[in-house]
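Down below is the structure, laid out as structure tokens.
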Amino acid sequence: MFNPKYKLTNSIVKKLTSIAEARAVIEKAKILPQYELKLRRQAIIRMTHSSTAIEGNMLLADQIAALYADKKIDAPERDIYEAKNYLNALKYIDEVVKKKEPISEKVLLRLHKLVTDKTLSKNQSGFYRKCSVCVVKKRYGMVEEVVYRAPDFKKVAGLCSDLIKWINESEKEEVSPVVVAGIVHQEIAAIHPFVDGNGRTARAMATLILYKRGYDFRRLFALEDYYNEDRPSYYEAINAGKSYEERNDDFTPWLEYFVSGFKEEIDGVKKKVTILSSKKIDNSIGSQIFLDKDQLQIVDFIDQAGKITVGDVINILNCPKRTAQLHLQKLKKIKMIRQVGRARASAYIMEK
């Protein structure tokens with residue numbers, strides 16, 4: 001059974017407390033929907049750009065934004081696939097959270113399949129590796145040094161199964177979601193369960209855990225930015241030894257790094273939210289312009305899909321038809337959306 005060793009040092013506890021305090025401020029802040037939607041969109045683009053850039057993807061942030069808007073870009077095919085794949089993985093995370101699906105090996109494998117679609121063979125994408133792998137440092141295309149040796153492939157399924165069991169046990173034991181996300185991030189990187197895509201899968205799993213356990217911070221953060229800004233520090237922090245068997249199994253040093261990065265990102269979100277919540281609003285509309293979580297889900301759906309129907313709202317919110325219609329009417333009244341088409345062909349799009 002996986003039983004991670006770590007200490008909640010004074011430094012970690014202090015930062016976790018600060019993160020919890022920032023969470024309360026961010027959750028309570030009243031932000032105009034168009035501002036919140038923009039910040040969420042930016043977070044998705046930043047997550048995708050940084051998580052793929054860490055692995056060598058050369059796309060720029062504005063190219064990721066174009067792909068998010070379903071526009072064509074001129075770039076290497078593999079880079080485009082990797083970016084689109086990560087965007088799809090983030091959509092899948094939303095689905096898992098909305099459906100309250102438990103974290104399982106099925107979810108882990110599905111995430112990997114999404115981040116490696118069309119970049120790995122069909123018998124490798126979404127499947128544990130069936131060969132030995134190691135992380136190497138290269139120079140001029142030549143292997144210079146073996147940095148890390150992953151565990152034997154025969155052990156991978158058991159190690160991942162134990163990790164998933166611990167994730168679910170940690171919720172019952174009320175372990176901080178930030179600590180759980182950090183440990184899972186490093187452990188997946190250490191197990192290296194796949195031929196490729198381990199880093200992206202580890203970062204996506206960390207995000208999923210935070211979202212599922214109420215630490216989504218209105219989905220305005222992108223922790224991957226912290227790693228991408230100083231990749232050498234990220235690699236140094238996450239590597240715990242020359243091999244899985246020989247590594248330092250104390251997660252404390254990594255958690256110091258992980259929690260510090262999380263605090264820095266959340267402090268940035270808090271600052272943005274505080275500034276936006278202080279902006280003056282149209283008094284003729286008043287408090288009606290502030291949306292609840294269900295209405296923000298509707299706006300998010302339209303932002304990604306281009307339009308929404310009453311049936312879509314019923315599905316994503318799992319609510320009665322009347323409730324779905326009331327949500328759409330409110331959004332229409334405050335001019336966030338407008339109706340197109342009639343009767344069965346009617347739908348709603350964002351107001352320009």
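Observations on the model:
- Hey, S161 in contact with a strand residue (DSSP E or B) (Cβ under 6 Å, 6 or more places away or on another chain), under 25 Å from C134 (Cβ atoms) and in the same structural domain as S51 (by TED's automatic domain parsing) or not: no
- Residue check, D79 assigned to a helix (DSSP H, G or I), farther than 27 Å from K307 by Cα, of a type outside the set (V, I, T) and not assigned by TED's automatic domain parsing to the domain that holds K293: yes
- Residue under evaluation Y244, criteria (1) of a type outside the set (K, R); (2) buried (at least 17 other Cβ atoms within 10 Å of the Cβ); (3) under 20 Å from T9 (Cβ atoms), criterion not met: (3)
Condition check ((1) in the same structural domain as D117 (by TED's automatic domain parsing); (2) within 15 Å of the chain's Cα centre (by Cα); (3) over 27 Å from Y81 (Cβ atoms)) across all residues:
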residue: S18; (1), (2), (3): yes, no, yes
residue: A24; (1), (2), (3): yes, no, yes
residue: E27; (1), (2), (3): yes, no, yes
residue: L32; (1), (2), (3): yes, no, yes
residue: Y35; (1), (2), (3): yes, no, yes
residue: I44; (1), (2), (3): yes, yes, no
residue: M47; (1), (2), (3): yes, yes, no
residue: S51; (1), (2), (3): yes, yes, no
residue: G56; (1), (2), (3): yes, no, no
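- Within region 130-141, not a single residue is modelled with pLDDT under 95 and either assigned to a helix (DSSP H, G or I) or closer than 25 Å to L220 by Cα (or both).
Matching residues to (1) buried (at least 18 other Cβ atoms within 10 Å of the Cβ); (2) more than 28 Å from I164 (Cβ to Cβ):
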| site | (1), (2) |
| --- | --- |
| I12 | yes, no |
| I31 | yes, yes |
| Y35 | no, yes |
| S50 | yes, no |
| K72 | no, yes |
| P76 | no, yes |
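- Annotation for region 169-185: no member residue is under 27 Å from D117 (Cβ atoms) and more than 20 Å from the chain's Cα centre (by Cα).
This table checks each residue for (1) more than 12 Å from the chain's Cα centre (by Cα); (2) among the aromatic types (F, W, Y); (3) assigned to a loop (DSSP other than H, G, I, E, B).
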position	(1), (2), (3)
A190	yes, no, no
F194	yes, yes, yes
A204	no, no, no
L208	no, no, no
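- Subset of region 145-176 [among the hydrophobic types (A, V, I, L, M, F, W, C) and part of a strand (DSSP E or B)]: V146, V147
- Residue check, A89 under 20 Å from Q304 (Cβ atoms), surrounded by fewer than 20 Cβ atoms within 10 Å (Cβ to Cβ) and aliphatic (A, V, I, L, M): no
- When the residues of region 101-124 are filtered to those that are free of Cβ contacts under 8 Å to residues at least 24 places away in the same chain and not in a helix (DSSP H, G or I), the one that is surrounded by the most Cβ atoms within 10 Å (Cβ to Cβ) is E101.
- Remark: pairs (first residue in region 23-48, closer than 10 Å to F290 by Cα; second residue charged (D, E, K, R) and not in a helix (DSSP H, G or I); Cβ separation under 8 Å; 6+ apart in sequence or on different chains) = L32/K279.
- Taken over region 68-103, the criterion of being of a type in the set (A, V, I, L, M, F, W, C) and in contact with a Lys or Arg (Cβ under 6 Å, 6 or more places away or on another chain) is satisfied by V97 alone.
The values are calculated or read from the model by the stated rules, or taken from the named source; none is laboratory data. Remember, predicted model here, so these are calculated numbers, not experimental data. FYI the Cβ positions are ideal-geometry reconstructions off the backbone, even for glycines, and counts take in every protein chain you see.
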